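One structure is given here, and the rest of the page talks about it.
The values are calculated or read from the model by the stated rules, or taken from the named source; none is laboratory data. Computed from a predicted structure; not experimentally measured. Backbone-built Cβ (ideal geometry, glycine too); neighbour counts: all protein chains shown.
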Amino acid sequence: MTERIDFSEQADDSGAGLESARNRRFATTSWSLVSQAVGYEDSGVARLAMQELCQAYWYPLYAFVRRQGYPADQAEDLTQGFFTRILAGGILEGASAERGRFRSFLLACLKNYLANQRRDQNSVKRGGAAAILSLDFATAERRYSLEPIVSSDPLQSFQAQWAVELLQVSLEAVRAQYESQGKRELFEQLRPFLTADPQVGTQATSLEEVAAKLNMQVGAVRVALHRMRERYGQQIRLQISKTVDSPEHVDEEIRELFQVFSQNRL
């Protein structure tokens, strides 16, 4: 039976104090900072948070624009122009608790932006947008051209890309943790098993073979895999918490994440 990834929070608080502590911690997440800064003149911290969030979301939005039928060069300019607009200010006033999820807010803003550009075909000029974010469009287009079309619906495609991107960011965070502890080889050997049944393993190898490569007991490898899955689940929860406006929405996003995977067979 496949071992489930642990999405539970690790905290020292208990009872009524746990919920209070969760809310205090949550108040400092990126999307909360953005929402709380609306109406304040000095929102530099929030803009840095917005920039961090945009950096993680730009490829799903680029793919969304491409699915709308725009060619690669125009999609590049539209995506860069959109982020130039959103990071330059003004759009933050549209952020509110009712928005809930950052991805919903960002996608709604992008749709409005594209509609405005269609009304004024001359408003986007080739190469005219300032490079506020460092976006690797050449790599993005290669990735886009190689990815299977999970749906002809741009919105469903965006949801799928959001799920893939979120898991990739979480995985890279776990990789960084293991590398900082001098355990890069352990991470690389166990990474294929993060979502696979350890009894079955992967097509390429098994836990017994991993144990032999690492000169470890199979039992110790199983424990290491269990701990890695816990870290992975915690990172997924952490990444999601940055993009919603309340701790209650984290579990909703996790459920939607699994739903997206189920619908698209990612």
(request) Consider only pairs whose beta carbons are under 7 Å apart and that are at least six residues apart or on different chains; among these, list those whose first residue lies in the range 68-81 and is within 12 Å of E141 (Cα to Cα) and whose second residue is of a type in the set (S, T, Y). (result) A75/Y62
(request) Please go through the range 190-200 and pick out each residue that is in a loop (DSSP other than H, G, I, E, B) and either closer than 20 Å to Y178 by Cβ or at pLDDT 55 or above (or both). (result) L194, T195, A196, P198
